[in-house]
1. List the residues whose amide H sits under 5 Å from the amide H of PHE248, counting only those 5 or more places along or on another chain, with H placed 1.01 Å from N in the peptide plane.
2. For the pairs LYS96/LYS208; LYS101/LYS158; LYS55/LYS160, flag any whose C-alpha to C-alpha distance is greater than 24 Å.
3. How far is helix 76-85 tilted off the main Cα axis of the chain, in degrees rounded to 10, range 0 to 90?
4. Name the GluC sites (Glu not before Pro) in region 179-278 that are in a loop by DSSP and that have at most 14 other C-beta atoms within 10 Å, would you?
5. Are there trypsin sites (Lys or Arg not before Pro) in region 91-158 that DSSP marks as loop and that have at most 14 other Cβ atoms within 10 Å, and which are they?
6. Quick check on the exposure proxy: order ARG237, ARG48, ARG172 from fewest to most C-beta atoms within 10 angstrom.
7. For a quick check of your reading of the filter: which chymotrypsin sites (Phe, Trp or Tyr not before Pro) in region 208-270 sit in a DSSP loop and have no more than 16 other Cβ atoms within 10 Å?
8. Return the calculated 222 nm mean residue ellipticity for the chain, to the nearest 500 deg cm²/dmol, obtained by summing -39500 (n - 2.57) across DSSP H runs with n ≥ 4 and dividing by the residue count.
Amino acid sequence: MPVEGGLYYDLYHSPLKDVESVADVEAYPWPDPLDPARYVNLKEQADRIVFEEKKAYVLGRMSSGMWETAMWMTGYEKFFSDMLLNQKLVQAIMEKFLEIKMLYWEKALETVGENVMVVSTADDLGSQTSLLVSLELYRKLIWPYHKRLFEFIKKKAKSKVYIFFHNDGAIRETIPSLIEAGIDILNPIQVNCTGMDDTKKLKNEFGKDLTFWGGSCDTQFVLPFGTPEQVREETKRRIDDLAAGGGFIFAPIHVIQGDVPPENIMAWWEVLQEYGEY
């Protein structure tokens, strides 16, 4: 770990760890989603990317997902417990996050106008081997807020937008629910998690409804620890599985770590150059 800062999200304090009531949630000094500083040069940046650089513009979120931020702010143990023991509190917290998110997205979409093609959202629902909570509990307490947010974003957008949803882990079970909620793009397709390795099956089952963004090579084992030839084989397999018929954006699973051998990165990149064009 570096002396200053960190390599990842380093949680050191949960400001809502003592909340017990809806009144406690309302009393917290929540950030202002309409602070003008959030939107400085946003329109100019979008115009430059779309009109000068001739690229698609992805509108970023103001924070992480509603559920994961709620867990950070209350603490994992408390939030998981409250999902069973104090569901009214969980719903109050999620309502507050939804309110903040809606205010931000309405202002951001209004500011940028018709230049947005993709809207970036997130919530990590899985661990390496399973969902963090049961699908039933997710559907009851979290999914309704996802659905309301995605519907709101599409309603407020000045042109057709695609919902990008970052969702780490073994999240195969949630994909039908996420499609129902309104996502269009799933990221990062963590292929080394339970239920996620068979990318051909994922494509066959969900390719008509989703674009897959990521999943181009196992970044946990193959890319950092494999040989260049193993990287090539893995990358070629993922392209074959996910690219057929379109709907695949070649990208690493989350990010490439600092200890990955350069020759493996080049092997990954070379396969893209050889097989990655439609």
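Each value in this text was obtained by applying a stated rule to the coordinates, not by laboratory testing. Nothing here was measured: the structure is a model prediction, and the numbers come from that model. Positions of Cβ are generated from backbone atoms using ideal geometry, with glycine treated the same way; all protein chains shown enter the neighbour counts.
1. PHE212
2. Numbers: LYS96/LYS208 34 Å; LYS101/LYS158 17 Å; LYS55/LYS160 16 Å.
The answer is LYS96/LYS208.
3. The angle comes out near 60 degrees.
4. Values: sites: GLU180, GLU205, GLU229, GLU233, GLU234, GLU263, GLU270, GLU274, GLU277; in loops: GLU277.
Those that pass, being in a loop and sparsely packed, are GLU277.
5. Those satisfying the criteria are LYS158.
6. Details: ARG237 17, ARG48 14, ARG172 20.
Result, fewest neighbours first: ARG48, ARG237, ARG172.
7. Values: sites: PHE212, TRP213, PHE221, PHE225, PHE248, PHE250, TRP268, TRP269; in loops: PHE221, PHE250.
Answer in residue order: PHE221.
8. Working: 12 runs with 126 residues, N = 278.
After summing the helix terms and dividing by residue count, I get -13500 deg cm²/dmol.
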